[in-house]
Every structure is written in C-alpha cells, then in structure tokens.
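Working notes, beginning with the structure itself.
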Amino acid sequence: MANRRIDSRRIKIHFAYSVEEAASALQTHKNTVRGWIKKGLPIADHRRPIILSGASIRAFLDERRAARKRPLKPGELYCFKCRSAKMPAADMADFIEVGNGLGALCALCPDCETVMHRRTSLTKLKSASGRIDVKILPRPTAPKRDN
C-alpha cells in the first residue's frame, strides 16, 4: 500500500473515530494514523483510547494535500522523468484535443528529451501556454475495423 493517495472524503466530519476506525475508513495502517498524530493531527483529549474528530482528520489530510501541490507557471510543462516543471525545448508544444474542449499540451523536455505533458482546456490554452508556440492538432480518430 505504499505511495497510495488517501481519500479524505472517506471520513465523515460529524463522526468521532478511534485510531483503528480512522485507519480502517481510510484503508491505511493504524501506525500511519499514529504518525499523523505525531505530526500535528489534533486529538480530542489525552486519554486512552485516542479519539479523533472526523472534521479534524479531513482538515489535516486536505491541508497536507494542498501543501504538496506545485501549480505550473504559464508556459511550463511537467517532465515525469526529471520530476520537475520546465519550459519546453525550442519553446514549442502541440495541443492534442481529447474531447469536449479538453486536451493536453505535449512537448519535448530540453534536458532528457522525453515527452512532457500539461492538461488544459481550449479556453485556458492561452494562459497555460504563456509565450510558447502552440500548434493545435486535430483529435485523433480510431482506425476502422474490417468485419
């Protein structure tokens, strides 16, 4: 279960949880919840069993998720190989539409030369692309099957 996203919506904000109940609801180990308590997850009181407020668990998890987010600046795409946001090579990218005005900017990484991506919509394309040159490609069609 390593490196799995934890869905804070599984916690009901009006319920009180023990450590084991919170771990079960979030489908994680109880030692993970105990680690969160050490990192600042508030508890109801300092008695046993440890009781956690559903609202405080959800707020703690949502705050942790928001702190990890790194929004891309205009013109930046994300390279999965380098694990960082970069401007594309030669300041050029392609917009490939996937449907309903949504699509992805695709370009080459200037360092490792792999394909970088950024999800966006046609309406937000101008602000997402920044000063890079974007070529809008038609939606790819599936090949026809002979029956």
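When Lys and Arg each count +1 and Asp and Glu each count -1, what net charge do the other residues less than 14 Å away from Ala90, Cβ to Cβ, add up to?
Spelling it out: positives minus negatives among the neighbours equals -2.
Kindly write out, for the range 48-61 in residue order, the coupling ³J(HN,Hα) from the Karplus curve 6.51 cos²θ - 1.76 cosθ + 1.60 (θ = phi - 60°), rounded to whole Hz, with x marking Gly and Pro.
Calculated HN-Hα couplings, in order: 9, x, 6, 10, 10, 7, x, 5, 6, 5, 5, 5, 4, 5 Hz.
Trypsin sites (Lys or Arg not before Pro) within the range 81-114: which are DSSP loop residues with at most 11 other Cβ atoms inside 10 Å?
Arg83
My understanding is that a pair violates if its Cα-Cα distance is over 19 Å; which of Lys73/Lys126; Lys73/Lys124; Lys81/Lys124 do that in this structure?
Exceeds cut-off: Lys81/Lys124.
Under 5 Å between amide hydrogens, which residues at least 5 positions from Gly130 or on another chain qualify, with H placed 1.01 Å from N in the peptide plane?
The list, which skips near neighbours in sequence, is Gly75.
Using +1 on the beta carbon of Lys and Arg, -1 on that of Asp and Glu, and nothing else charged, what's the dipole of the range 101-145 about the Cα centre, debye to 20?
Result for the range 101-145 is approximately 380 debye, rounded to the nearest 20.
With Kirkwood radius over Cα pairs in Å in mind, check (i) 15.1; (ii) 18.7; (iii) 15.7 and report the label derived from this structure.
Computed from these coordinates, Kirkwood radius over Cα pairs in Å corresponds to label (ii).
For Phe80 and Cys112 in one chain, what is 0.36 nm times their gap in residues minus the Cα-Cα distance, to one decimal in nm?
Between Phe80 and Cys112, full extension yields an extra 10.5 nm.
Quick one: compute the contact order of the chain, relative version, from alpha carbon pairs under 8 angstrom and 6+ residues apart, as a percent.
So the answer I get is 18 percent.
Report the charge-dipole magnitude of the chain in Debye, nearest 20, computed about the Cα centre from +1 at each Lys and Arg Cβ and -1 at each Asp and Glu Cβ.
Working: 30 positive and 14 negative charges, 96 e Å.
Computed charge dipole of the chain: roughly 460 debye.
Can you list the trypsin sites (Lys or Arg not before Pro) in the range 93-135 that are in a DSSP coil and have 16 or fewer other beta carbons within 10 angstrom?
When the trypsin sites (Lys or Arg not before Pro) of the range 93-135 are filtered for loop state and at most 16 Cβ neighbours within 10 Å, Lys124, Arg131 remain.
D for the range 77-137, whole µm²/s, Stokes-Einstein with Kirkwood Rh over alpha-carbon pairs at 10 °C and 1.306 mPa s: what number? Show your work: numbers first, answer last.
Values: Rh = 11.4 Å.
Estimated via Stokes-Einstein, D reaches 139 µm²/s.
If each of Val98 and Asp62 carries a label point 7 Å out from its Cα toward its Cβ, how far apart are those two points in nm?
That separation, rounded to one decimal, is 2.6 nm.
Residue farthest toward the positive end of the dipole of the chain, with Cβ of Lys/Arg at +1 and Asp/Glu at -1: which of Ser24, Pro74, Thr114?
Ser24
Coordinate-derived values only; no laboratory data. These figures come from a predicted structure and were not determined experimentally. As a convention, Cβ positions derive from the backbone with ideal geometry for all residues, glycine included, and neighbour counts pool all protein chains shown.
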